[in-house]
Amino acid sequence: VSVRLHTRVTRIQPDKKTVEIEGDEQLPYDYLVVATGATPRSLEVPGKDRPGLFYMRNLSDAIRIKKFIATRKCRSAALIGAGFVSLEMCEAFNKIGISPRLFDRKNLPMTRLGGRFGKQIVEELTQHDVLYLPDSMVERFSSSSNDEIIVHTNHGAYETDLVLIGIGVVPEVSLAAAAGIKIGPTGAIAVNEHMQTNIPNIYAAGDCCESFHRVSGKSVHLPLGDIANKQGRVAGANIGGQKIAFPGIVGSNCFKLFNLEIASTGLTLREANETGFKADAVTIEGRSKPHGYPGAEKIWLQMVAEKESGRILGAHVIGKEGAVNRINIVASALTAGLRVADLAYLDLAYAPPFSGAWDPLHIAAQRFLK
Ligand SMILES: Cc1cc2nc3c(=O)[nH]c(=O)nc-3n(C[C@H](O)[C@H](O)[C@H](O)COP(=O)(O)OP(=O)(O)OC[C@H]3O[C@@H](n4cnc5c(N)ncnc54)[C@H](O)[C@@H]3O)c2cc1C
């Protein structure tokens, strides 16, 4: 395998089966895998190119941020956008003694998961001295007389040492689109189950391409590392002569915020109804372990299912422990097409250090059946 670092591909020429790299060099290929990832969505406001404004996409970004913090002896950071990367970065800044302020254009973080979950997240941020500023629109950046950055918002101006912008990513498809590779409705590269594009010897994998969502039955763009890994393997196996299929995703994801685990899979109630299901949801407050057992923590779980058939469509869980393992069970249930009634008596492993005899998943399913 020949690896060429610091080498930008500038053009794909499917008719000649070559890629052009900076400096006009042409490299021939038999098969090509486009794995160009995603790029951060840029915040288009005046002052956006000022030093001290960062995006967090890769290791080089992290190294640049660390160097800036060390040389400028930063004590404060403004984070724009409250997605999972910004939330994780609040924790990272907090751990090195930097006070984070989190500007969110919505009124709660993770609105996809609903208000109850968003409020838990805000509570966790507040307990760890992160100032959460809802309904904040950043209008521009400027510099103060002592070279601090001023973040101008609809609620006023804030001085800070560093700004991290995390307002989402877009699939990096410019090379692919210019080469005539089909772009799907999500804006990412369209692929079949073998990760093949519309050009038979060109494959795509990872954040630049779409995935088939097994619950909604639609193509989605979900830029996550585990999906990218699996898609890459499927593309490579097919190029190597094995005819294997990527089975699609159910949309599982998780992250940690200080002492909270936040995890979700499948569709939310809104997404389910928008997809065309007639869905309902139950929300329960349970315990990670039996009530009264040392270390038992509260857990909030919302489960979404189709009203008539009881088919499970999704769930999200938040709590100090045990959220991710519950979501992984629901992910398996989604893949298997289980119904709420299957989950209501599912034979999950039970011992008090790990869960109650009636796990929060059982309780949610039982509640749904009432
Ligand atoms: C801070 C952070 C935390 C994350 N945490 C998680 C997590 O906990 N769980 C999870 O599942 N996912 C996580 N992700 C997402 C995960 O990192 C991505 O889904 C994954 O890296 C995608 O892999 P990829 O190979 O498709 O793209 P990338 O890793 O982005 O790689 C794309 C590569 O293509 C190169 N490239 C692009 N264009 C060209 C060109 N023209 N010529 C040559 N090279 C080019 C880029 O330089 C880059 O090296 C996180 C992302 C971030 C930023």
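Every number in this text was worked out from the coordinates using simple rules, so none of it is lab data. This structure is a prediction, so every number in the text was calculated from the model and none was measured. A quick note on method: Cβ atoms are made from the backbone with ideal geometry, for glycine too, and the neighbour counts reach across all protein chains shown.
Summary of computed values
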item	result
For ASN198, distant residues with modelled amide H under 5 Å away	LYS182
Residue of GLY180, GLY23, GLY47 that the Gaussian network model of the chain assigns the largest fluctuation, springs spanning Cα pairs under 10 Å	GLY23
Approximate spin-label separation ASP342-HIS291, in nm, with each point projected 7 Å along Cα-to-Cβ	3.1
Exposed GluC sites (Glu not before Pro) absent - longest run of the chain, DSSP non-H/G/I/E/B, at most 12 other C-beta within 10 Å	45-307
Fewest-first sequence of SER211, SER219 by Cβ atoms within 10 Å of each Cβ	SER219, SER211
Cα centroid separation - the stretch 246-276 against the stretch 85-143, whole Å	20
Cα gyration tensor shape for the chain, rounded if a/c is under 1.5, else prolate or oblate	oblate
Full-extension gain in nm, LYS256 to SER60, via 0.36 nm per residue minus C-alpha separation	68.3 nm
Positive-pole candidate from GLY292, THR275, MET303, dipole of the stretch 267-343, charges at beta carbon	GLY292
GNM flexibility winner over the chain from ARG140, ARG101, ARG326 (Cα, springs under 10 Å)	ARG140
Bridge type composition, the stretch 105-229 - antiparallel percent by DSSP, nearest 5	95
Too-long pairs where the Cα-Cα distance tops 22 Å, listed order kept, from LYS278/LYS370; LYS67/LYS230; LYS67/LYS119; LYS218/LYS278; LYS230/LYS320	LYS67/LYS230; LYS67/LYS119; LYS230/LYS320
Structure-based [θ]222 nm, the chain - -39500 (n - 2.57) summed over DSSP H runs of at least 4, per residue, nearest 500	-7500 deg cm²/dmol
Interchain or long-range residues, amide H under 5 Å from GLU297's placed H	SER288, LYS289
Fully extended contour minus Cα-Cα distance, from LEU369 to GLU306, at 0.36 nm per residue	21.5 nm
Cα gyration tensor shape for the stretch 107-155, rounded if a/c is under 1.5, else prolate or oblate	oblate
Computed over the stretch 59-138: relative contact order in percent, which uses C-alpha pairs under 8 Å that are six or more apart	29
Within a Gaussian network of the chain (alpha carbon springs, distance under 10 Å), most fluctuating of GLN120, GLN231, GLN13	GLN13
Highest average packing first - 298-304, 197-203, Cβ atoms within 10 Å	298-304, 197-203
ASN198 versus ALA177: modelled label distance in nm, points set 7 Å from Cα along the beta carbon direction	1.4
Residue-by-residue Karplus 3J(HN,Hα) for the stretch 283-289, coefficients 6.51, -1.76, 1.60, Hz, glycine and proline x	10, 10, 10, x, 10, 5, 9
Test item: Cα-centred dipole of the chain, Lys/Arg +1 and Asp/Glu -1 on Cβ, debye	300
Amide hydrogen neighbours beyond the local backbone of THR10, cut-off 5 Å, H modeled	GLU20, ILE21, GLU22
TRP358 paired with LYS218, simple spin-label distance in nm, labels 7 Å along Cα-to-beta-carbon	3.6
